[in-house]
Amino acid sequence: MRLIIFSSLLIVCLGCGNTKNVKMKPNELNGTWVPINQEIAGKRLPHAVFEKQELIISDNLYTFTAESVDKGEVRYSGGKMDIYGKEGVNAGKHFTAIYKYENGQLSICYNLSGDSYPEAFETKSKQTLFLMLWQKIKQSKPKIALLTF
């Protein structure tokens, strides 16, 4: 009887001990992004306007650098995005947006009034819509210097 109970427990324990290797996909939006195109109210902005801008996304936090630095929280899922300014000129503001990540580029269409999500990735005849196309900066591996004495 003890042998049957022990054997049963051993089989159960061995079955529970198996692990599966599950590869988690890192958050594709995490990283440093630079704008490659901007449009507002149907008009494309000149490159000089946005050439020094940068967006850093780290899970649900963002830092946007332009003429000043904005920081806050971003929540995104299912192609919709909510952006909550916490520091900088947009502190206390809520922006809504739609986004898509395709071919290594991130498109975000913002509704600067924050009252609804844009319906499409176009800004014609909509004064509060702002479309940005982003390219991720590839991070190089840090170089390690070997010191000899």
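The values are calculated or read from the model by the stated rules, or taken from the named source; none is laboratory data. Bear in mind the structure is a predicted one, so any value in this text is a computation, not a measurement. Note that we place each Cβ from the backbone using ideal geometry, even for glycine, and neighbour counts take in every protein chain shown.
Within the stretch 104-122, residues that are in contact (Cβ under 8 Å) with a residue 24 or more places away in the chain and within 17 Å of I40 (Cβ to Cβ) sit with their Cβ atoms under 6 Å from residues that are assigned to a loop (DSSP other than H, G, I, E, B) and of a type outside the set (D, E, K, R), at 6+ positions apart or across chains, in these pairs: S107/F121. Only residues that are surrounded by fewer than 12 Cβ atoms within 10 Å (Cβ to Cβ) and either closer than 17 Å to G31 by Cβ or in contact with a helix residue (DSSP H, G or I) (Cβ under 7 Å, 6 or more places away or on another chain) (or both) were counted across the stretch 59-99, and they come to 1.
To keep it simple, each residue is scored yes or no on (1) of a type in the set (S, T, N, Q); (2) part of a strand (DSSP E or B); (3) modelled with pLDDT of 95 or more; (4) over 30 Å from K138 (Cβ atoms).
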{"residue": "L3", "(1), (2), (3), (4)": "no, no, no, yes"}
{"residue": "L9", "(1), (2), (3), (4)": "no, no, no, yes"}
{"residue": "C13", "(1), (2), (3), (4)": "no, no, no, yes"}
{"residue": "K25", "(1), (2), (3), (4)": "no, no, no, no"}
{"residue": "E28", "(1), (2), (3), (4)": "no, no, no, no"}
{"residue": "P35", "(1), (2), (3), (4)": "no, yes, yes, no"}
{"residue": "F64", "(1), (2), (3), (4)": "no, yes, yes, no"}
{"residue": "E67", "(1), (2), (3), (4)": "no, no, no, no"}
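Looking at I56, I36, just one residue is closer than 16 Å to I108 by Cα, among the hydrophobic types (A, V, I, L, M, F, W, C), surrounded by 12 or more Cβ atoms within 10 Å (Cβ to Cβ) and in contact with a Ser or Thr (Cβ under 6 Å, 6 or more places away or on another chain), and that residue is I56. Scanning the stretch 83-96 for residues that are touching a Lys or Arg at 6+ places or on another chain (Cβ under 6 Å), more than 20 Å from Q135 (Cβ to Cβ), modelled with pLDDT of 95 or more and not small (G, A, S) turns up at least one hit.
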